[in-house]
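Just so it is clear, none of the values below were taken in a lab; they were calculated from the coordinates. Model, not experiment: these values are computed from the prediction. As a convention, Cβ positions derive from the backbone with ideal geometry for all residues, glycine included, and neighbour counts pool all protein chains shown.
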């Protein structure tokens, strides 16, 4: 392995961490009431997505022959034991200890991940400097500074979160309000928007209310909502018919067709019932942000219209997402034509 390949290895590892942290932050935001703490988490989620994009770009600059998505899957999978998996958070919302304790545990989990990230970027920065790759070294140093700032924020937040636990569990003065959490607000706002547009929707052929509601959700909220519903769902509520009677191979064949909402729903249901590791691992590998809110529910023609107004980066994101999920040829052909023209 030469120095360039080693830098690519470290970039891939860092990208895997950022992808895993993105999923974790989405769930933690969904569980956190609005206020300064959630604002910090939302700001860092934006940073984390930017970090992942910058790492991907640098990785492509160093090696155009391999797909970051393809080689990054294993790295992301290996980190699932070090960060909170997406499907776990929504399930925790409706079971276990109080909300105050959940927020404290989330902050501790996030602190551990930030420490891992800081060490990862310090290693990448130092290695890149040693081999003369100053561009990668500067990128790693910049991201490391963001992670150090966030770790400091989390450490300062620990004391107040512990105080909330004491007041709630020892003094009988709970402060956690589920109605103010990200997932509750996302569901409420979606319902409000659906109601507001109900009259206009009714005039069109076919109901567009489900699509409207899902388009109103913020990234991550749809998955969190699906996970919560799946934890209390019956077999008849799932998007896969006769789910309990299917074997593992039959379930795996259907998973790629599901939206992110339905994937989260099936994942929570599976964990509560058969808890098959092969099924859960496949679900985890398919969970990610849609290219844009509501994408999974759109038709090929609707996606084509959006792509016509987008850029090459959006076409690449749609192509990779579609390849991992529904593999609709009409969408893939549209992205290929768009990319060929750039």
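Based on the mean of other Cβ atoms within 10 Å per residue, sort peptides 8-21, 48-61 so the most packed one is first.
8-21, 48-61
Is the shape of region 298-340 best called rounded, prolate or oblate, per the rule: a/c under 1.5 gives rounded, else a/b larger than b/c gives prolate, else oblate, with a ≥ b ≥ c the square roots of the Cα gyration tensor eigenvalues? Spell out each step's value before the answer.
Details: a/c = 1.57, a/b = 1.16, b/c = 1.35.
Since a/c reaches 1.5 but b/c is at least a/b, the shape of region 298-340 is classed as oblate.
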Margin query: Run the numbers for residue 177 and residue 131: contour at 0.36 nm per residue of separation, minus the present Cα-Cα distance, in nm.
Written below: 11.4 nm
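Can you tell me the order of 255-268, 273-286 when each peptide is scored by its average per-residue count of other Cβ atoms within 10 angstrom, highest first? Kindly include the intermediate steps, with their values, before the conclusion.
Numbers: 255-268: 23.0, 273-286: 14.8.
So the order, starting with the most tightly packed, is 255-268, 273-286.
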Notebook entry, point to check: What distance in nm separates the simple spin-label points at residue 61 and residue 326, each placed 7 Å from Cα in the Cβ direction?
Noted result: 3.5
Checklist line | residue 156-residue 2 FRET efficiency (beta carbon distance; Förster radius 56 Å; 0.05 resolution) | finding: 0.85
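What is the calculated FRET efficiency for residue 53 to residue 244, with r their C-beta to C-beta distance and R₀ = 35 Å, to the nearest 0.05? Don't skip to the end; give the middle numbers.
Details: r = 40 Å, r/R0 = 1.15.
According to the calculation, E is roughly 0.30.
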Note to self: Show me, bin by bin at 10 Å from 0, the whole-percent P(r) of region 142-182 based on Cα pairs.
What the structure shows: 26, 33, 28, 12, 1
Check: Shape call for region 240-293 from the C-alpha gyration tensor, a ≥ b ≥ c root eigenvalues: rounded (a/c under 1.5), prolate (a/b greater than b/c) or oblate?
Finding: prolate
